[in-house]
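One structure below.
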Amino acid sequence: MSLASSVTIAPRPNINPEQSKYQEKLKILLFSRVCIAISLLVATLFFKPGAQDPNSQLHEAYLLVTLCHVFVSIVLLALYFFSDIYYFQRFGFLQLVWDIVFHTVIIYLTGGVESQFKFLYWLTIVHAAILFLKTGAIYVAAISALLYGILANLAFFNSLPALMENLKVLPQQWPEQRVTISILVNGGACFLIAYISSFVAERMHRVEELLEKKDTEVKNLETLMEKSKHLAAIGEMAARIAHEIRNPLTSLGASIDVLSERQNMDQKESKLLAIVKKETRRLNQLLTDFLLFSKPTQIQKTNLLLSQAIEEALSSFSAGYPQVKTSFHAAFEKEKTVYADGKQINQVLWNALKNAAEAMEGEGRVEIELQDMKDFYRVQIKDCGHGVDEESQNNAFEPFYTKKIKGTGLGLSIVRRIVSEHGGKVTLDNRRDQKGALLRIDLPWSHHD
């Protein structure tokens, strides 16, 4: 076995959207670090701090540190672009550690308490807030304040070692009060910067999340609109096809009625014609329901009494289903009018009653109760069928869903659509008092004078 074939390559972790955003922040901070490092190096070469004192090696030390910072910053940037780095948070943490160490050395070389570069700590805290939000900013602020305090105390007690021979950057004697105030002010400034930067960073993070959420919602809406347009075009085409089929189907049904009146047909022919006639009517009903569902008529609302609409629907229903007994009860004394389309409400009631009759296979009893629920009227239609299972409760109002031998699966879908257009809702459940199903239709009773 060769060495190449024996080496197992670990799978690369997938980069999720959150890591991708963190990666972009890291890239910006890497470029800013390089810019700061080069600026410090240029300032060192131009102003030459400490070069005027021939006994001091401050200039050489400062030049060495800034060159080192430029080198490390470029190396980190190169690692980001030319290496397979997937643990971006660890990589960001490593950079913050380097920044704190480098800034501490710069402050030490430029006078400690008297240094003008204490603001570099603040830049590191801001970077930490951008990368790690509030937690990272607080930790970096605490470490920065601690290191500065240690540096100031070591200098005060003359315990600060010189990194180079004859390196003199600090006064021999510091007033204790000045050291204490400097430590407190610098520590307070670090935590204040941490609070402000983390507050801004978290707000920006929330805004980014909100914008991403809105962008996702907009994209989803655009997708839904495209699907809606596509489905609308399909529905329009299907409605036209159904309309074209319905015309010859009507002629076919009329022709079958004429043929069924012949006197010289045998029993077999009569039976076949009866089957054709039955199926023709079923197809005609399916096309009628489909056209009603796919191309709803324009709503023309008027003030009407629901009790009167129910009685009219019951009258026509009883003529078509004589084996189904019906009863109607209004559970209130004074009735208010509702603002609705009378024809469509009649269609709702007819479809609901027909659904109840088909659930009882054409025989049984249907009870209708009209209740005043203060803000709306509730029509309850109770049948004595087999009830509804969980699947039917979830899908009963979906188009073409049915478990009945008879029926098109569009009746309750039409009911829901019309009721929704009138600002109401419809639900289907099992009866609690006895066997059967309960259909509730809620319609608002607000009326127009």
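What follows draws every value from the coordinates through simple rules; no lab data is involved. Because the structure is predicted, anything quoted here is derived from the model rather than measured. With ideal geometry, Cβ positions are generated from the backbone for all residues, glycine too; neighbour counts draw on all protein chains shown.
Quick look at the numbers
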read-out	value
Estimated inter-spin distance, LEU221 and HIS386, nm [label 7 Å along Cα→Cβ]	4.5
Long-range amide H partners of GLY385 with built H, under 5 Å	ALA437
Chymotrypsin sites (Phe, Trp or Tyr not before Pro) within the range 88-121, DSSP loop, no more than 16 other Cβ atoms inside 10 Å	PHE117
Potential extension, LYS21-SER228 segment - 0.36 nm per residue separation minus Cα distance	71.2 nm
Whole-Å distance, taken between Cα centres, linking the range 334-401 and the range 180-195	73
Sequence-distant aspartates and glutamates (8 or more away, or on other chains) whose Cα lies within less than 12 Å of LYS354	GLU363, ASP383
Pairwise label distance in nanometres, ILE181 with THR337, each label 7 Å out on the Cα-Cβ vector	8.6
Whichever lysines have a C-alpha closer than 28 Å to that of LYS213, once near sequence neighbours (fewer than 8 apart) are set aside	LYS21, LYS25, LYS27, LYS134, LYS227, LYS229
Under 26 Å from LYS268, Cα to Cα: lysines that are on another chain or at least 8 residues apart	LYS277, LYS278, LYS406
Dimensionless Rg over Rh [the range 302-444; C-alpha; Kirkwood]	0.93
Given charges at beta-carbon only (K, R positive; D, E negative), |dipole| of the range 302-444 in Debye	80
Projected label distance in nm at PHE119 and LEU45, using a 7 Å step from Cα toward the beta-carbon	2.3
Greater than 32 Å apart at Cα, pairs in LYS219/LYS382; LYS374/LYS435; LYS325/LYS374	LYS219/LYS382
